[in-house]
Structure formats: C-alpha cells, structure tokens
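Worksheet: the structure to be examined is printed underneath.
The values are calculated or read from the model by the stated rules, or taken from the named source; none is laboratory data. Here the structure is a predicted model, which is why all the values come from computation and not from measurement. Cβ placement follows ideal geometry from the backbone for every residue including glycine, while neighbour counts extend to all protein chains displayed. Each accessible area value is taken on the protein alone, full model and side chains, heavy atoms only, with ligands, DNA and RNA left out. Shrake-Rupley method; radii C 1.70, N 1.55, O 1.52, S 1.80 Å.
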Amino acid sequence: MAGNSQRRNRRTSNKKGMQVGSGGNRRRALEGRGPTPPAEARKKHKKNRIATAKAKQAANRRPAPRRGGVKGTSEMVVGRNPVFEALRDGVPATTLYVQQYIDNDERVREALQLAGARGNINLMEAPRPELDRMTNGLNHQGLVLQVPPYQYADPQDLTAAAYDNGEDPLIVALDGVTDPRNLGAIVRSVSAFGGHGVVVPERRAAGMTAGAWKSSAGTAARTPVSRVTNLTRALEAYKKEGLAIVGLAADGEHTVEDLQALDGPVVIVIGSEGKGLGRLVGETCDYRVRISMPGGAESLNAGVAAGIVMYEVARRRA
C-alpha cells in the first residue's frame, strides 16, 4: 500500500506547474474592465486637461479673494463732438460738466439727452475758467466728460474664467501696441470669437482709454483687459499653467492654418505693426506663426491680424 501511495504522489508531481489555486486571476481575466471612466479621468482628454488645470489653480490660489488688478487713471473727454460720440458709444462716465451760459446748439442738446438717459451721470454746471483749469486750457467748447479709472483684471482671472466655463483659455497678449483704437478693435475681436481676455503691459502700450472703449463698440464692458508690469513674466506664468504661447511674426516657422497648438489652451501674442515682437517676448513664445498673404503685403494692422487668428481658432473649436 505504501508503494501505491508513492506511485500516486510521483504521478501527481509530474504535472506541470504548482497545484494551487489561481487566486481568482483566471476568473478576473474573463471579467470586463467595467464602465468607461468619465472624460475628466481619461488622460489626454480635453476635459481631463481642464479639470487638472482647475485643480492646480485652486491649490495655488491665494486664501484671500482677488479683487481685480490695478486701476487706470481717470480721463477727461473734451469738446462737443468727442463728448457726444463717447456718450453715444457707451463709454463709462461719472460726470458731464457743462459751461454756464453755453450756446445751446444741437450737439449740446444731444449730449445732455444721452447723459440724462443713462441715469447714472451727474450733470454739473461750471464757469468757463473752471473748465479751462480742469482741461489745462484745451478747447473744450463748453463740454467736459469725466471718465472713471478702468478696473483692470488680474491676469490669472482670465484663465480661471475659462476653466470655470469648461473651456480651454484663449487669451490675446499685446506687445508694443500703442494705438488705443487698435486695442479697442482687438478687444472687439476677442469678444466676437469667444476669447477670454486681453493682456497689455503697463509701459509703452495703449491702455483702456475712452478711445479704446469707443473702438471696442461696447464689448469692453464684457471682455476683461489685464495690465501687467512685465509681459514676459506674465507669459511665463501662463506657460506654467499649460498654455501654449504663440507669437505672430512675418517670418514665423509655422502658418496659422497648420499650427495644431491653436486647438488647445493658448495665448496669442501680437506685436506692433512696425517693430513686431520684442526680443524677450519673442524668445518666450513656444511657436512663431505667420499669416499667409498671397497679395504680398509686408504686414497687417494689429487689429486685423488679431481678427484673422481669432477667427481661425474659433473655427477649429466650433
């Protein structure tokens, strides 16, 4: 009997592998992988990128809530036609000063009607010497409009607003654009094509003046503009958040139509019409792109260039 037991043990030991259970591995191998995880949990998905960026931004956010960026300076609009146009175009204003005993012509009446219709503009009568002092002797023609300081946004608020809406940030930064009308036109394009704001440097650049407000055709009321001390540092901060920095340049290595980086979170940097991008700003850009111009023009107006690129980005995101 002992010999038979030994022969059975030898037959058992000749089988390949261990004679222990699989630990459930075979059963689990036959099971499915479960339901597809949500988009926020799948790597390389747009919603995952946005959720990650929002989480990182929340972790780095200061405890105290931000109350916007710096304030601009107050401004005076002088002259009958400029005052009327500013009121007609929705430029913010606090007070309309009217000269005592002014000739009540049609333009003056229209300006008074517009100011009264708003309901939040003070009407003040002042003697001519006082208006001369307020305007440093400019030809005010008896009408002076007080424009309040513009409240600039914090640059991080632009990306936060995009992520809160579940969108990839689309921001335009301006380098050396000094004409307020160009700034206003760019704000208008950013608003029209779903951008999240404009960034301008404090020095050697246009700010949100009454002229910029007029050119924006009212869109400056809903499209934030941020003013930064150092544009290069602001671009570096955006880059750390995961935004691609794309600079427009006539000799760019890529074309706007072909650059895939425009599909995701991006800052489009536009330089001045004459000098283009500054050296440091240009070196900060991840990509330099050009706009194809079969007609042979050397350059485009900054506002026109911004509109073309913004349209291309909006077309891709539609």
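Points to keep in mind about this one:
- Charged side chains reduced to their Cβ positions (Lys and Arg at +1, Asp and Glu at -1) give the stretch 200-260 a dipole of some 520 debye around its Cα centre.
- Phi angles of the stretch 75-88 translate, via the Karplus equation with coefficients 6.51, -1.76, 1.60 and θ = phi - 60°, into HN-Hα couplings of 9, 10, 9, 10, x, 5, 5, x, 5, 4, 5, 5, 5, 5 Hz per residue; Gly and Pro are given as x.
- At 0.692 mPa s and 37 °C, Stokes D of the stretch 217-318 from Kirkwood alpha-carbon radius, µm² per second: 227 µm²/s
- Heavy-atom accessible area per residue - the stretch 263-307, 1.4 Å, Å²: 51 Å²
- Amide H contacts for ALA173 (H built 1.01 Å from N in the peptide plane; partners 5 or more residues away or on another chain; cut-off under 5 Å): VAL199, ILE268, VAL269, ILE270.
- Taking 0.36 nm per residue of separation and subtracting the Cα-Cα distance, full extension of the segment from ASP132 to ARG279 would add 48.5 nm.
- Net dipole in debye of the stretch 97-205 [+1 Lys, Arg Cβ; -1 Asp, Glu Cβ; about Cα centre; nearest 20]: 300 debye
- Nonlocal amide H pairs with THR178, under 5 Å, H built at 1.01 Å: ALA206
- Under 16 Å from LYS214, Cα to Cα: aspartates and glutamates that are on another chain or at least 8 residues apart: GLU75, GLU85, ASP89, ASP179
- Alpha carbon convex hull of the stretch 199-263, volume per residue in cubic angstrom: 147 Å³
- Taking the protein heavy atoms of the stretch 236-278 in the context of the full set of protein chains, the accessible area attributed to carbon and sulfur is 50 percent at 1.4 Å.
- The stretch 88-185: translational diffusion in µm²/s, Stokes-Einstein, Kirkwood Rh over Cα pairs, 25 °C, 0.890 mPa s: 146 µm²/s
- Sequence-ordered 3J(HN,Hα) estimates for the stretch 231-237 from the Karplus curve with 6.51, -1.76 and 1.60 and θ = phi - 60° stand at 5, 4, 5, 5, 5, 4, 5 Hz, glycine and proline given as x.
- Scalar couplings 3J(HN,Hα) for the stretch 158-163, obtained by applying the Karplus form with A = 6.51, B = -1.76, C = 1.60 to θ = phi - 60°, are 5, 6, 4, 5, 5, 5 Hz; x denotes Gly and Pro.
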